[in-house]
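What follows is a single structure, written as C-alpha cells, with notes after it.
The values are calculated or read from the model by the stated rules, or taken from the named source; none is laboratory data. Remember, it's a predicted structure, so these values are computed and weren't measured experimentally. Please note: Cβ atoms are built from the backbone with ideal geometry, for glycine as well, and neighbour counts cover all protein chains shown.
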Amino acid sequence: MALLPLLLGVLVATLACADDFERRAEDAVLARFLGTWRTETTVRDGAGNVIAHTLGTARAERTLEGRWVEFRSASIPPGAAELQIMTREPATGVLRQWLFDSDGYWHTAEGSWHPASETITWRGEKDGASFVIEDRWRSPDRLEWTLVRKDGDGRTVRTIDGTLTRAE
C-alpha cells in the first residue's frame, strides 16, 4: 500500500516533465524567429500577376518577460513596415499572431505547429475574406512562407510569397 503513493508521485512527475517538455518544444517553435533577417516578398493578385516585389530586413526578439515574440520588418528602400506579435497560449498550446502594417492593415490569426513538415499554419479572417499562412522552415536559417487570401466565395484574391534568410 505504501508503494502506491510513491508510484503515483513518480507518474505525476513524469507527466509533468512530459508536459514541460512539450511546452518548451512549442516555445522553441517561436524562438526560431529570433534574430536578424533579410526578407524578400512577392505579392500577386488572384490571377497570379505580380503586384509588388520587395526586399527588406527584419528583427525578432522576445518581449514582455519572454512571453511574446515581436517581429518587425521594413522594406528597402523604406516605405513599408510590419509589426507582428506572436505567442503560444500555455493552457491550449494554440499559437497566436497579431499583424499590423504601415498601410493600416491588421489581422489576427491562430496557428498550429506541424513538426513532421516543420511548418506553422496560421488561419484567420478579415473583412469577409479568409487567409492561410504557411511558414515552412527549410533550415534554421531559412523560412519560406506563403499567404493565400480568399473571398467569401472561395476565390483566391491575393497570394503573397516570401523568404526570410538569417542575416546573423
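Descriptive notes on the structure:
- Members of segment 60-81 found to be farther than 19 Å from Gly104 by Cα, part of a strand (DSSP E or B) and among the charged types (D, E, K, R), listed by number: Glu61, Arg62
Results for (1) touching a strand residue (DSSP E or B) at 6+ places or on another chain (Cβ under 9 Å); (2) at pLDDT below 95, shown as yes or no for each residue.
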site	(1), (2)
Glu65	no, yes
Trp68	yes, yes
Leu95	yes, no
Glu125	yes, no
Asp135	yes, no
Asp141	yes, no
Asp153	no, yes
Leu164	yes, no
Glu168	yes, yes
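- All told, Thr121 meets the bar of being free of Cβ contacts under 8 Å to residues at least 40 places away in the same chain and in contact with a His (Cβ under 7 Å, 6 or more places away or on another chain).
- Flag for Asp101 being closer than 14 Å to Arg32 by Cβ and surrounded by 12 or more Cβ atoms within 10 Å (Cβ to Cβ): no
- Residue within segment 123-136 that is more than 17 Å from Ala58 (Cα to Cα), aromatic (Phe, Trp, Tyr), under 13 Å from the mean Cα position of the chain (by Cα) and surrounded by 15 or more Cβ atoms within 10 Å (Cβ to Cβ) present: no
- Filtered by the rule that a residue be over 19 Å from Ala58 (Cα atoms) and outside any strand (DSSP E or B), segment 82-103 gives Glu89, Pro90, Ala91, Thr92, Gly93, Val94.
- Of the criteria (1) farther than 19 Å from Thr165 by Cα; (2) under 18 Å from the mean Cα position of the chain (by Cα), which one Ala74 fails: (1)
- Any hit, segment 82-96, residues being surrounded by fewer than 17 Cβ atoms within 10 Å (Cβ to Cβ) and in contact (Cβ under 8 Å) with a residue 60 or more places away in the chain: yes
- Filter pass, Thr57 being closer than 16 Å to Gly162 by Cβ, β-branched (Val, Ile, Thr) and outside any loop (DSSP other than H, G, I, E, B): yes
- Pick from segment 47-80, criterion surrounded by 14 or more Cβ atoms within 10 Å (Cβ to Cβ) and small (Gly, Ala, Ser), ranking: farthest from Leu147 (Cα to Cα): Ala60
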